[in-house]
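A quick write-up on the structure given underneath.
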Amino acid sequence: MRRVFRVIGQGLWVLMPVYTVGILGWLPAAQAWWRTRTSGWLAATAALAVGGGGMLLRYALGSENDVFVMIFLATAVAGVGAALKARPVVFRRREETVELPPYEGPAAIEDHPAVREVLAGRERRRQAREIVARDPAMAHELGIGRPGAGRDYDDGGLVDLNNADAGELATALGWPRETAEEFVLAPALLDRDAERVVVLPYRTK
């Protein structure tokens with residue numbers, strides 16, 4: 001039933017320029033302009049409004065001049081044509097907008113605390129290696145590569161093979177004590193921990 005009433009209502013709306021004798025023939029075009037705000041619909045509204053004004057003038061003067069008949073016919077035909085074209089614009093159903101919460105993408109792996117800690121350790125080791133390469137004496141004074149030196153400088157866990165004892169080596173690299181004591185005889189063991197190893201160019205012990 002609602003569909004029937006809607007069809008009847010839209011039909012009366014389209015025929016408005018006819019049964020209002022052209023006086024309100026501009027109204028459908030004006031509604032379309034209000035929806036679209038385009039210059040085309042604005043021009044159509046203005047032209048039909050002029051025709052509607054002419055019909056008002058005809059009734060105000062009480063004239064039966066054929067000119068007003070032509071104005072009525074032109075306004076009625078143009079008004080109905082404009083209304084037919086405007087109908088899908090004016091009566092289209094408004095789309096319901098559902099506001100969704102903002103999408104938060106997966107956090108970058110660098111944002112994980114454990115990953116940040118690993119990356120920070122790598123950066124500290126890189127800086128410590130630069131000191132070793134540029135100024136070995138400073139590296140020794142800072143205790144780089146010697147976990148037991150008791151210095152405040154954080155080298156990211158580097159181990160100086162010339163100056164760290166077996167206990168420090170075992171602790172820093174996670175080796176068994178026996179392996180740490182024999183590493184000189186098996187240098188290939190160091191390959192797996194190359195990231196953590198540094199060799200100062202002189203021995204202090």
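Taking interchain pairs and intrachain pairs at least six residues apart, which have beta carbon atoms under 8 angstrom, with the first residue in segment 167-181 and free of Cβ contacts under 8 Å to residues at least 40 places away in the same chain and of a type outside the set (A, V, I, L, M, F, W, C) and the second surrounded by 17 or more Cβ atoms within 10 Å (Cβ to Cβ) and in a helix (DSSP H, G or I)?
Within 8 Å, the pairs are Gly167/Ala180; Glu168/Pro147; Thr171/Pro147; Pro176/Ala170; Arg177/Ala170; Thr179/Ala170.
List every residue pair whose Cβ atoms lie under 7 Å apart, where the two residues are 6 or more positions apart in sequence or sit on different chains, the first residue falls within segment 74-87 and is part of a helix (DSSP H, G or I), and the second residue, located anywhere, is aromatic (Phe, Trp, Tyr).
If the second residue must be aromatic (Phe, Trp, Tyr), the pairs left are Ala83/Trp13.
If you scan segment 20-62, which residues turn out to be closer than 15 Å to Val90 by Cβ, touching a residue at least 24 places away in the same chain (Cβ under 8 Å) and in a helix (DSSP H, G or I)?
Pro28, Ala29, Gln31, Ala32, Arg35, Thr36, Trp41, Ala44, Leu48
Only one residue in Glu141, Glu123 is without any contact (Cβ under 8 Å) to a residue 24 or more places away in the chain, surrounded by fewer than 19 Cβ atoms within 10 Å (Cβ to Cβ) and out of contact with any His (no Cβ under 8 Å at 6 or more places or on another chain). Which one?
Result of the check over Glu141, Glu123: Glu141.
Going by the structure shown, is Ala32 within 15 Å of Arg87 (Cα to Cα) and either touching a helix residue (DSSP H, G or I) at 6+ places or on another chain (Cβ under 9 Å) or at pLDDT below 90 (or both)?
Here the answer is yes, as Ala32 does meet what is asked.
Sort out which residues of segment 1-19 are under 18 Å from Ile71 (Cα atoms) and free of Cβ contacts under 8 Å to residues at least 24 places away in the same chain, and write them in order of number.
Tyr19
The values are calculated or read from the model by the stated rules, or taken from the named source; none is laboratory data. All values derive from a computational prediction rather than experimental measurement. Don't worry about glycine lacking a Cβ; one is built from the backbone with ideal geometry, like all the others, and counts go over all protein chains shown.
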